[in-house]
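Inspection log for the structure reproduced underneath, given as structure tokens.
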Amino acid sequence: MSAPSREEESKEDERDEEANRLLEEAGAASSSSLGEDVAYEAGEKILVADFDFDTVDDATVPPFSWKKLWLFTGPGFLMSIAFLDPGNLEGDLQSGAIAGYSLLWLLMWATSMGLLIQLLSARVGVATGRHLAELCRDEYPHWARLVLWFMAELALIGADIQEVIGSAIAIQILSRGFFPLWAGVLITASDCFFFLFLENYGVRKLEAAFAVLIGVMGLSFAWMFADARPNGQELLMGILVPRLSSKTIRQAVGVVGCVIMPHNVFLHSALVQSRKVDPKKKGRVQEALNYYSIESSAALSISFMINLFVTTVFAKGFYGTKQAKHIGLVNAGQYLEQKYGGGVFPILYIWGIGLLAAGQSSTITGTYAGQFIMGGFLNLRLKKWMRALITRSFAIVPTIIVAIVFNRSEASLDILNEWLNVLQSMQIPFALIPLLTLVSKEQVMGTFRVGPVLERVAWTVAGLIIVINGYLLLDFFISEVNGILLGLLACSCTTAYIAFIVYLVSQSGILPSAWVKRLPKGFSSTGN
């Protein structure tokens, strides 16, 4: 028998490679259906093809392409919705009404800090091919991962209540009071499933729907901004010159606290996986990170402008007035109508449309985040509609109760919002510390772990955010907790809360080894 020719050997090698590739894809598909939960199935991911460059070397980053940037555009804008939810809008209007233009610089820097955290979240998702909740499941012992999941769910429920109530208030405004608050909650819940249904037609269709909602917000609040005609010089001074007084500390803390949403940190690491990027190819990973950095920066620049519009409208209309301390999400539209009048298109309805777009979009991303959090921490293999139903029920049932109980007065809804802000603030360390722990570990990130300088900057930013929110918690509990029993309960909960934070920090590798050795035995143990 004659030996096979080189051409025949080459063809045989190609067939073997093709067979191996098909087997790998089949194995990935079967493992996603039978094994671990995944953010996106293989068939759902968007293929980003090379238009201008076909690299042989996997370590080489292809040159910039506008077409590729367009294909990577989407996840950052979905992430940016959390910077525009009704809770943020309420923080904006109260900041403007009470502090005027003086905190615009803080809004800009808080958005920049938020961008850094979200870029790190995207980095984890792209470099590992897994999202933050999945990685936490492997990183921490069973008890710790359950606590982290519980805390993430609490944060999500708190955010969802604010978002759904915001949508319900907008529906009440636009219907001239025809729909009560609880009816608006039910409408918002059903709308959420309609938008999630769009995902069945592809990720790009869902992203397009979010682009429309962001556009509606931008147009609505830009219209209000144009109607208000704020002072350009004062606005520029507010952005460029840092100012802070003892009277505006609470608003300053609120501005920073609203920017980092715990569920959003988990969400972004999953959203970036909607594009097909092979984590084993360093050039492709770096390319994806470059495009996601550009897209996320653009998205948060737009969110900053929208927040700026809202802040300046209320700064121009209500700063220094008697009404400033009484403006909230519920009565903001009425105050705007009294101040700026009806016009061709009443400002009350412009505000209502913008608020509705903010509430609807943030509610959908909250449900989306809930699916990833539940699936990642618990490794549940459920159909998406079932997971969406469970996630929605976690938030909608308490929200309906809240809507019925707190619909008696505007003051009661404001009190509720304060409690929800505190709940969100409490959960921030349980998203930031695991993120910074994982993004700094070479065994998790490989060559894409952050360098020592960026690691220090990120921990400094995280520490600053945690301290600022800690101030909010302390201020709130000092003013609200009365009585010996409540005081003892608050002290016990605070001790357990701080102990868990210390445990997470001890696992991060940021502390000197000598410090970790001095901690109790349970604090320095890792593993599943």
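Does segment 185-192 include one or more residues that are outside any helix (DSSP H, G or I) and either of a type in the set (S, T, N, Q) or open to solvent by less than 50 Å² (accessible area, probe 1.4 Å) (or both)?
Within segment 185-192, not a single residue is outside any helix (DSSP H, G or I) and either of a type in the set (S, T, N, Q) or open to solvent by less than 50 Å² (accessible area, probe 1.4 Å) (or both).
Given the structure, is GLU90 acidic (Asp, Glu) and closer than 29 Å to LYS325 by Cβ?
It is true that GLU90 is acidic (Asp, Glu) and closer than 29 Å to LYS325 by Cβ.
Is it true that GLY320 is of a type outside the set (Phe, Trp, Tyr), open to solvent by 10 Å² or more (accessible area, probe 1.4 Å) and in a loop (DSSP other than H, G, I, E, B)?
yes
Take segment 208-221 and flag every residue that is at pLDDT below 90 and open to solvent by 20 Å² or more (accessible area, probe 1.4 Å).
The one that is at pLDDT below 90 and open to solvent by 20 Å² or more (accessible area, probe 1.4 Å): ALA208.
Could you pull out every one of the helices (runs of 4 or more DSSP H) wholly within segment 99-177 that has 3 or more residues that are closer than 30 Å to ILE239 by Cα?
It comes to 104-128, 142-174.
Does segment 324-341 hold any residues that are open to solvent by less than 70 Å² (accessible area, probe 1.4 Å) and either assigned to a helix (DSSP H, G or I) or touching a Leu at 6+ places or on another chain (Cβ under 8 Å) (or both), and which are they?
Matches in segment 324-341: ALA324, ILE327, GLY328, LEU329, VAL330, ALA332, GLY333, TYR335, LEU336, GLU337, TYR340.
Filter segment 439-494 down to residues that are among the hydroxyl-bearing types (Ser, Thr, Tyr), open to solvent by 50 Å² or more (accessible area, probe 1.4 Å) and within 18 Å of VAL265 (Cβ to Cβ), then give me how many there are.
So the answer is 1.
Among the candidates LEU154, LEU78, LEU115, single out the residue that is hydrophobic (A, V, I, L, M, F, W, C), within 27 Å of GLN360 (Cα to Cα), under 13 Å from the mean Cα position of the chain (by Cα) and open to solvent by 10 Å² or more (accessible area, probe 1.4 Å).
Matching residue, one of LEU154, LEU78, LEU115: LEU115.
Output yes when any residue across segment 222-229 is open to solvent by less than 10 Å² (accessible area, probe 1.4 Å), modelled with pLDDT of 85 or more and either touching a helix residue (DSSP H, G or I) at 6+ places or on another chain (Cβ under 8 Å) or not in a helix (DSSP H, G or I) (or both), and no when none is.
yes
The values are calculated or read from the model by the stated rules, or taken from the named source; none is laboratory data. Fair warning: this is a prediction, and the values are worked out from it, not measured in the lab. When we count neighbours, we look across all protein chains shown, and the Cβ atoms used for this are built from the backbone with ideal geometry, even at glycine. To get the accessible areas, we keep the full protein, side chains included, count just its heavy atoms, and leave off ligands, DNA and RNA. Shrake-Rupley method; radii C 1.70, N 1.55, O 1.52, S 1.80 Å.
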